[in-house]
């Protein structure tokens, strides 16, 4: 039945040899991925998620600092913080942490509040 040529096909390793003994490879116990490339993608995704989480946290802290200055009606300090805040917002949009329109909305609303405060 089936193919000619007889015998079984050689089994291809789907993950590193070191992972064949249960005690040496913990990644197989906690991951769904079966192939080496899928395991690598899982590792990369975890690393990128940590980086993105850090970047988003820094962005939120910067925006929060700017909003606090605007609420305390400190126009001078808020104006000094604008370039740093806008730069961080633009970089976050470039990295894909937030969308471009969201970045534009943040900057627009902060600019309006700053102009209102300065007037």
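Bear in mind that the values in this text are calculations on the coordinates, not laboratory data. What you see is a predicted model; the values in this text were computed from it and never measured.
Take residue 109 and decide whether it is within 12 Å of the chain's Cα centre (by Cα) and in a helix (DSSP H, G or I).
no
Run down 49, 35 and say which single residue is at negative phi and more than 12 Å from the chain's Cα centre (by Cα).
Answer to the selection: 35.
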